[in-house]
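Computed from the coordinates by the stated procedures, all read-outs in this text should not be read as laboratory data. What you see is a predicted model, and the numbers here were worked out from it, not measured in a lab. In this analysis, Cβ positions are derived from the backbone assuming ideal geometry, glycine residues included, and neighbour counts consider all displayed protein chains.
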Amino acid sequence: MPPTQENGSQLPPEDRTLSPFTGYDRTHWLALADQLLTDVHRFASPSGARIVLPGRPSVSGTHSDQLEGFARTFLLLAFRTAGCGGEAPAGLLQSYAEGIGAGADPGHPEAWPSLDRACRQTLVEACSLALGLHLTRPWLWENLPSSVQERTVEWFQGVWGLAIPDNNWHMFRVIVGEFLASVGAPHDRVEMAADLARIEEFYVGDGWYRDGGHPHTADNFDHYNGWALHTYPLLWALMADPRTTDRAERLPLFKARLRRFLADFALFFGADGAPMHQGRSLIYRFASATAPWLGALADATPLSPGQTRRLASGALRHFTDHGFRDRNGIATLGWYGPYPPMVQRYSGPGSPYWLSKAFLGLLLPADHPCWTAPEEPLPVEREDRIQALPAPGFLLSATRADGIVRLINHGSDNHGSDRYGGASQGGTAGDPHYSRFAYSTTTGPYHVNTHPQAVHHRPQPDNHVALNHPELGLSGRARIHRRHVHDRYATSWHRPTWAGRTDAEARIETASVLWGAWELRAHLVDAPPHLPLYDSGWQIAGERPPRVRSADGRATAVTDDGLTSSFVSLAGHTDLAVATAEGTSAFGRHTAVPHATGRRTTARSVHVALVGLTGRGADPTPPTVRCTVNGTTINTRFPDGTWVLLALGEEVAQSPLVGGERLAGPVRYARVTPGQRPVIVPGTA
């Protein structure tokens, strides 16, 4: 029997010969594209100019939301049509053509909102429309009446001079401008050049772009690096006239950057196909596969064809199997099912259809190796691996036994970006999509559930360290000041904040060292001694309450499917517990967060823990480690003989433990001074 989805739709039979990991081939991508288009089109307005989906409107309003539904599904239609030589589900190409005619007509009752300051969101959708018109030019644009073409061009003219957010949005105007240029319409090369120049300033190296902002005020690193900041510059270069100097100079650069990015990006996916759950706009789900497909399309990838399809089809199947659509076949605002707490204010009912970008792979012809080569395993399926990514400030840990990938965050904070509509945490713990110390492919961060029928509880954020103020509650981690990311080690510091208030005298420095599925996490706290510490591990979730236990310096939670979160105190904690709640994770109804508290009697304190996340197939037993604290220096030995010396604080150079050339024994080591990486001597196991 072909696999059946939750909404009753059937897919073609699996092909386990060509696709031994996912069973998906090109026919599955086409079938899902057609299902998405057919189902959403039932909600088209009478003229076809808008897609009128039910649900909570975005801050841009329903008119913008309805244009969004049209534009983003039109992009899906464009990939599907262009990739199949003009073929499309019956009647849809004509219906969208009629919708363009009505939407671009300012006198029509279903006209699209103007591209102006009153509704800037239309620029995002204008980009999808321009890209879709470019891709379907032989079958749609060239067959539109000249009057419709003229009105569409006139509507696009609103992009010039429009004040926009200083982030990936700069590329939306460039894409629109390049389409206008290609059809001989007025466009502003000066403004396009300025937008391209600004995007260039976001590049930080190793294939990573900061999503806007200034490096001294914000570091925004997330999936936008792949599905926007690599995707649109390369698509622009492929659209542009190859004879132009600007395009000729930029295309090789964009390709080299994407190739470098993809060398690491394949590690952001778990063995179950799930992408890393970090950053904003996660409702786009398998749009995370856009950049790998684009790498194949532009000959800018280190991934083999079998790896590319394994990654993309794995992500698509993951969400298809988990039911990302409702009973009407409409993509929901959430991760699997609907989950309002994780949705940004700018997202409306049609927003999830930016997942259409994952279908860019259909532009590869059916005989392309990405469709004909057998699937190959993901990095996490080949071996255990730890990877340092200094540009975004991440450490990645992939474990083959359970197929989980973990991200340790010492660099991406999205600080000062309220315009992005970050989810609220009651003014305490910061934006959960960026402020946590760790993320993974199997867990989601703690969200305050604001539903009227939610079970109310005291906030217990995951992977967080905080000072507990008697009146203001837990402090937040806002601006992250990174120090080092190298090998298996990362460190950063932040000033605790409460509802926008910062204690200028308080400072928390945190160091992380990875050992397989486990993180040695150490905090050096400088703050008034009357403020106790809160320190927590991973939040796990399931449809039934996780099993919890707290004893002997260890707090543990386990779901029915074996996902285990462990927090082991090594120094500086007084009480351990597991907080349980409902509705605080996008991964399941019932949640649990192991955590510890620490009474502080001095202005400076050190707190050390072993934090673990393991899944089925892996040993959940924490390793037995020996840990000693001498002032601000932490000496730890793991069971395999791995020895870690962490030296924290500004005065560490004065410590007698690190001032010489040798420690006891034969191990030589470099002098550990403020800001240097720790000594890590591998064990023999």
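In terms of Cα atoms, the Rg and Dmax of the chain work out to 25.7, 84 Å.
Estimated translational diffusion coefficient (Stokes-Einstein, Kirkwood radius over Cα pairs, 25 °C, 0.890 mPa s) of the range 80-133: 195 µm² per second.
Antiparallel beta bridges, as assigned by DSSP with both residues in the chain, represent about 100 percent of the total such bridges. The radius of gyration of the Cα set in the range 385-621, together with its Dmax, comes out at 16.4, 46 angstrom. Mind giving me the FRET efficiency for E383 and A185? R0 is 41 Å, r the Cβ-Cβ distance, nearest 0.05 is fine. Efficiency for this residue pair is about 0.20.
Karplus-based coupling profile of the range 101-117, in residue order and whole Hz: x, 6, x, 7, 8, x, x, 7, x, 10, 4, 6, x, 5, 7, 8, 4, with θ = phi - 60° in 6.51 cos²θ - 1.76 cosθ + 1.60 and x standing for Gly or Pro. I need the shape label for the range 206-341. Rule: rounded when a/c is under 1.5, else prolate if a/b > b/c, else oblate, with a, b, c from the alpha carbon gyration tensor. Here the range 206-341 falls in the prolate category. Per the Debye calculation on the range 1-142 with a single equal scatterer at every Cα and no solvent contribution, log₁₀ I(q)/I(0) for q = 0.13 Å⁻¹ amounts to -0.63. When the charge dipole of the range 254-332 is built from unit charges on Cβ atoms (+1 for Lys and Arg, -1 for Asp and Glu) and taken about the Cα centre, the candidate among A312, I283, F261 whose Cα reaches farthest toward its positive end is F261. Apply the a/c threshold of 1.5 to the C-alpha gyration tensor of the range 26-377 and tell me whether it is rounded, prolate or oblate. The shape class here is rounded.
Please label the shape of the range 276-426 as rounded, prolate or oblate, based on the square roots a ≥ b ≥ c of the eigenvalues of the alpha-carbon gyration tensor (a/c under 1.5 means rounded; beyond that, a/b larger than b/c means prolate, else oblate).
Oblate.
Inter-label distance, A551 to R16: 4.3 nm, where each label sits 7 Å from its Cα along the C-beta direction.
Computed as a quarter of the hull surface, the mean projected area of the alpha carbon convex hull for the range 186-261 stands at 5.5 nm². The protection proxy used here, the mean number of other Cβ atoms lying within 10 Å of each residue, ranks peptides 127-138, 77-88, 252-263 as follows, highest first: 127-138, 77-88, 252-263. Seen from E178, the other residues with C-beta closer than 15 Å to its C-beta sum to a net charge of +1, counting Lys and Arg as +1 and Asp and Glu as -1. Counting only Cβ charges, +1 for Lys and Arg and -1 for Asp and Glu, the dipole size of the chain around its Cα centre is about 1420 debye.
Taking all C-alpha pairs of the range 456-588, those more than 22 Å from each other amount to 44 percent. Would you kindly state how much longer the chain becomes between D619 and H486 on full extension, computed as 0.36 nm times their sequence separation minus their alpha carbon distance, in nm to one decimal? Separation in residues times 0.36 nm, less the Cα-Cα distance, equals 45.2 nm. If R0 equals 45 Å, the separation of the Cβ atoms of D321 and R604 corresponds to a calculated FRET efficiency of about 0.35. Just the Cα atoms of the range 124-249, one point each, no solvent: what log10 I(q)/I(0) does Debye give at q = 0.18, 0.23 Å⁻¹? One equal scatterer on each Cα of the range 124-249 leads to -0.98, -1.43. Estimated translational diffusion coefficient (Stokes-Einstein, Kirkwood radius over Cα pairs, 25 °C, 0.890 mPa s) of the range 522-654: 154 µm² per second. For the chain, the mean residue ellipticity at 222 nm estimated from helices alone is -7500 deg cm²/dmol, where every DSSP H run of n ≥ 4 contributes -39500 (n - 2.57) and the total is divided by all residues, rounded to the nearest 500.
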